[in-house]
Amino acid sequence: MQEPRSQGEGLPCIGEPGMQWALKRNCSLAPRHLLGVYAVLFALSIVIGLGFLLVGLPAVLPFAGVELVAVGAAFWVYARHAADREEIILSHGELRVEHHCGRRVDQARFRVEWLRIESPRSDASLVELTGQGRRIRVGRYLRPEFRPALAHELRMALSHERARTAHQELQWEQ
């Protein structure tokens with residue numbers, strides 16, 4: 001079961017049914033730690049470049065600057081995608097998928113009555129969610145051997161949610 005959150009965030013509150021899967025990129029170095037590494041590298045390169053400048057070799061300092069710009073650009077790209085993730089939220093008869101890639105967020109919503117989950121066909125393929133004329137793939141941040149387990153978990157949770165929704169509809173009719 002997921003952590004309780006406020007209803008304003010679109011997630012179930014305490015006592016309400018719901019499940020959430022958070023699939024994140026394996027990030028061994030957080031962006032703030034990366035900034036620290038870059039600061040140390042920057043200081044070291046500048047000190048070395050200034051040392052060569054003082055002994056009469058001024059050409060080293062511009063190359064240190066070019067190196068720092070290149071490394072900074074690579075770190076910037078890494079940091080922008082370090083928090084990439086997929087969130088799958090099942091609640092209130094609906095499955096919502098959010099894919100965060102850099103600053104971009106793609107979102108898809110499916111009614112559980114119309115949703116079908118297809119297991120990966122090969123090691124390289126993703127789990128496919130199909131319904132209401134749309135198709136989305138999830139599991140890109142999971143190792144390939146765990147994708148069939150994700151499909152199985154989603155199917156089981158979807159089955160439970162369908163039964164819960166049907167039970168609630170029967171209670172409303174009575």
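Picking from residues in segment 130-162 that are assigned to a helix (DSSP H, G or I) and of a type in the set (A, V, I, L, M), the one that is nearest to Trp114 (Cα to Cα) is Leu158.
Residues that are more than 24 Å from Leu29 (Cα to Cα) and without any contact (Cβ under 8 Å) to a residue 40 or more places away in the chain were ranked within segment 66-107; the one that is surrounded by the most Cβ atoms within 10 Å (Cβ to Cβ) is Glu94.
Looking only at residues in segment 131-150 that are over 17 Å from the mean Cα position of the chain (by Cα), within 18 Å of Arg121 (Cα to Cα) and touching a residue at least 12 places away in the same chain (Cβ under 8 Å), the one that is surrounded by the fewest Cβ atoms within 10 Å (Cβ to Cβ) is Glu145.
Quick grid of which residues meet (1) in contact with a Cys (Cβ under 6 Å, 6 or more places away or on another chain); (2) assigned to a helix (DSSP H, G or I); (3) of a type in the set (A, V, I, L, M):
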| residue | (1), (2), (3) |
| --- | --- |
| Ala64 | no, yes, yes |
| Ala83 | no, no, yes |
| Ile88 | no, no, yes |
| Asp106 | no, no, no |
| Pro120 | no, no, no |
| Arg164 | no, yes, no |
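For a quick check of your reading of the model, give me the residue pairs whose first member lies in segment 43-58 and is more than 16 Å from Val71 (Cβ to Cβ), whose second is among the aromatic types (Phe, Trp, Tyr) and surrounded by 10 or more Cβ atoms within 10 Å (Cβ to Cβ), with beta-carbon atoms closer than 9 Å and at least 6 apart or on different chains. These pairs meet every condition: Pro58/Phe52. Restricting the first member to segment 11-35 and to residues that are part of a strand (DSSP E or B), and the second to residues that are modelled with pLDDT under 85 and not hydrophobic (A, V, I, L, M, F, W, C), the beta-carbon pairs closer than 7 Å and six or more apart or on different chains are Met19/Gln2; Gln20/Gln2.
Step by step: first the residues of segment 120-134, then only those that are polar (S, T, N, Q) and within 29 Å of Gln168 (Cα to Cα), then the one that is modelled with the lowest pLDDT. Which residue is that? Filtering first and then ranking leaves Gln132. Residues that are out of contact with any helix residue (DSSP H, G or I) (no Cβ under 9 Å at 6 or more places or on another chain) and among the hydroxyl-bearing types (Ser, Thr, Tyr): does segment 139-146 have at least one? Yes; the residues of segment 139-146 include at least one that is out of contact with any helix residue (DSSP H, G or I) (no Cβ under 9 Å at 6 or more places or on another chain) and among the hydroxyl-bearing types (Ser, Thr, Tyr). In the set (1) aliphatic (A, V, I, L, M); (2) modelled with pLDDT under 95; (3) part of a helix (DSSP H, G or I), the condition left unmet by Ala43 is number (2).
The values are calculated or read from the model by the stated rules, or taken from the named source; none is laboratory data. Because the structure is predicted, anything quoted here is derived from the model rather than measured. Neighbour counts run over all protein chains shown; Cβ positions are idealised from the backbone, glycine included.
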